[in-house]
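Heads up, the thing below is written out as structure tokens.
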Amino acid sequence: MGVRVRIKLEAVTGKTAYVIALLNSGAESERPSIALPMEIAEQLELDKLKAETAYSEEATTSVEIKLYRDAVKCTLIDGNEELTSTILDVAVAEGLTEPLLSDSAIDALNIEILSFSKGLWRIRGENKIRRGM
């Protein structure tokens, strides 16, 4: 099933998007980051920013990505409640079908995954258990 959460992305361009993102513990990154499909990157007008060309190593291949450093403020949302926020780098790659939060982004948002198969998570240090989207 995987764990998916609702987040608000506020880009340095002034644009905002609300999306459902998959918590991808297998996506390792030194800095908190999110991988976005091109459509969401366009909605946030990230193409107006300077991007670095980088490569993402995946299980069987290497993919060229556009990397925007410190490009969005990401706020974790549960219902109408804003829980935690952090600044993220954004990786944009062709063919991506949904937003993916990296391992370091998951940590920066203080998310503790309790069950991948049941989609259960909580904020580190809290008792309230939440169900993914």
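Taking neighbour Cβ counts within 10 Å as the exposure measure, how do Y68, Y18 sort from fewest upward? It would help to have the intermediate numbers written out before the result.
Numbers: Y68 25, Y18 10.
So the residues, fewest neighbours to most, are Y18, Y68.
So for the pair I129, L114, with labels modelled 7 Å out along Cα→Cβ, what separation do we get in nm?
0.4
Identify all lysines with a Cα-Cα distance to K118 below 25 Å; exclude those on the same chain that are fewer than 8 residues away in sequence.
The qualifying lysines are K8, K128.
When a footprinting reagent is the concern and you count Cβ atoms within 10 Å, what order do K15, K118 take, fewest first?
In increasing order of surrounding Cβ atoms, one gets K118, K15.
With θ set to phi - 60° and the Karplus curve 6.51 cos²θ - 1.76 cosθ + 1.60, what are the ³J(HN,Hα) couplings of the stretch 116-125 in order, to the nearest whole Hz, using x for Gly and Pro?
5, 5, 9, x, 9, 8, 7, 7, 3, x
Given the rule -39500 (n - 2.57) for each run of at least 4 DSSP H residues, summed and divided by the residues of the chain, what is its mean residue ellipticity at 222 nm, to the nearest 500 deg cm²/dmol? Before the final figure, lay out each step's value.
Values: 2 runs with 12 residues, N = 133.
Only helices count here, giving -2000 deg cm²/dmol.
Who wins for biggest fluctuation among L114, L22, L67 in a Gaussian network model of the chain, springs between alpha carbons below 10 Å?
Checking each option, the largest mean-square fluctuation is seen for L114.
Project the alpha carbons of the stretch 88-133 onto their principal axes and report the range along each, largest first, in whole Å.
38, 21, 12
Please list, in chain and number order, the residues 5+ apart from T84 or on another chain whose amide H is under 5 Å from its amide H, with Hs placed from the backbone.
Counting only residues 5 or more places away or on other chains, the set is L76.
According to a simple spin-label model (label point 7 Å from Cα along Cα-to-Cβ), what is the distance in nm between E81 and Q43?
Spacing of the two 7 Å Cα→Cβ label points: 2.5 nm.
So if we plug the beta-carbon distance of V63 and R31 into 1/(1 + (r/R0)^6) with R0 = 22 Å, what FRET efficiency do we get, rounded to 0.05?
Approximately 0.75, to the nearest 0.05.
Can you give the charge dipole size of the stretch 4-131 about its Cα centre, rounded to the nearest 20 debye, using +1 on the beta carbon of Lys and Arg and -1 on the beta carbon of Asp and Glu?
Working: 16 positive and 22 negative charges, 117 e Å.
Dipole about the Cα centre, nearest 20: 560 debye.
I want to verify a result. In a Gaussian network model of the chain, Cα cutoff 10 Å, which of these has the top mean-square fluctuation: N110, N80, N24?
N80
By counting other Cβ atoms within 10 Å of each Cβ, how are L49, L83, L76 ranked from fewest to most?
Fewest-to-most ranking of L49, L83, L76: L49, L83, L76.
Hey, what does the equivalent ellipsoid look like for the chain, semi-axes from the Cα gyration tensor as sqrt of 5 times each eigenvalue, largest first, whole Å?
Equivalent ellipsoid semi-axes, largest first: 24, 17, 12 Å.
Most fluctuating residue of T53, T75, T84 in a GNM of the chain with Cα springs under 10 Å: which is it?
T53
Whole-Hz Karplus ³J(HN,Hα) for the stretch 35-45, in order, using 6.51 cos²θ - 1.76 cosθ + 1.60 and θ = phi - 60°, x for Gly and Pro?
Result, ordered by residue: 9, 10, x, 4, 4, 6, 4, 5, 4, 7, 6 Hz.
Values quoted throughout were computed directly from the atomic coordinates according to the rules given, and no laboratory measurement underlies them. It should be emphasised that the depicted structure is a prediction, and the values quoted were computed from it without experimental measurement. Here Cβ is always computed from backbone atoms with ideal geometry, including for glycine, and neighbour counts include all displayed protein chains.
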